[in-house]
Structure formats: C-alpha cells, structure tokens
Amino acid sequence: MLKMCRDLGFDGLNITFPAKQIVIPLLDELALTARMVGAVNTVTFAEDGRTVGHNTDVTGFRASLEDSLQGRPCGRSVLVG
C-alpha cells in the first residue's frame, strides 16, 4: 500500500487507529515524535522515496494545551483517552 501511494505521487498519508503501530515496521525512518510515542499518524515520502513516520498528535496536543493555558504555568499534564 505504501509503495502504491508513493508510486501514484502522494506526498504523504494519514494513519488512523488501529494501524498507528502496525505501520511502523513498514517505514524506513521514524521522526523523534513517533519514536517517543511509539505510534505514527502521518507518513511522508522523502525526495529519495524513503518513507518517514511522524506523530502530529504530540505537537497538536501541546499547541492546544499552551493555547488554553494562556501563558499560565503548566507543570505536568496527562492525556487520557
């Protein structure tokens, strides 16, 4: 499937549950966020054809949290669900 999407000229793919962990062994590389979380929700195709897994849940959650705190200190946060 990844090869087919790359061959069709896609720039990337979104990955949803339950494939967020299943796709990992099929990728050439993992971005730091994907390695930290152990899951991939976005795959990009590099210029050389390599597949790179990312996890934008991390950056999206952080941006949402920072926005809602409006400059107040955070301390530790837990995401459940």
Residue, most open to solvent (accessible area, probe 1.4 Å), within segment 1-16, restricted to residues that are aliphatic (A, V, I, L, M) and in a loop (DSSP other than H, G, I, E, B): Met1
Segment 48-81: number of residues that are farther than 18 Å from Thr33 by Cα and of a type in the set (Gly, Ala, Ser): 5
Six or more apart or on different chains, Cβ atoms under 8 Å: show the pairs whose first residue is in segment 24-39 and over 9 Å from Asn55 (Cβ atoms) and whose second is assigned to a helix (DSSP H, G or I) and open to solvent by less than 40 Å² (accessible area, probe 1.4 Å). Ile24/Ala34; Leu26/Leu2; Leu27/Leu2
In segment 17-31, which residues are out of contact with any helix residue (DSSP H, G or I) (no Cβ under 9 Å at 6 or more places or on another chain), open to solvent by 90 Å² or more (accessible area, probe 1.4 Å) and at pLDDT 95 or above? Gln21, Ile22, Pro25
Under the condition of being under 11 Å from Phe10 (Cα atoms) and part of a strand (DSSP E or B), which residue from segment 41-56 is least open to solvent (accessible area, probe 1.4 Å)? Val43
Here the residues within segment 57-81 that are open to solvent by 90 Å² or more (accessible area, probe 1.4 Å) and not acidic (Asp, Glu) are Arg62, Gln70, Arg72, Pro73, Arg76, Val78, Leu79, Val80, Gly81
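The values are calculated or read from the model by the stated rules, or taken from the named source; none is laboratory data. Quick caveat: nothing in here was measured; it's all calculated off a predicted structure. Note that we place each Cβ from the backbone using ideal geometry, even for glycine, and neighbour counts take in every protein chain shown. We work out accessible area using only protein heavy atoms, side chains counted, and drop any ligands, DNA or RNA first. Shrake-Rupley method; radii C 1.70, N 1.55, O 1.52, S 1.80 Å.
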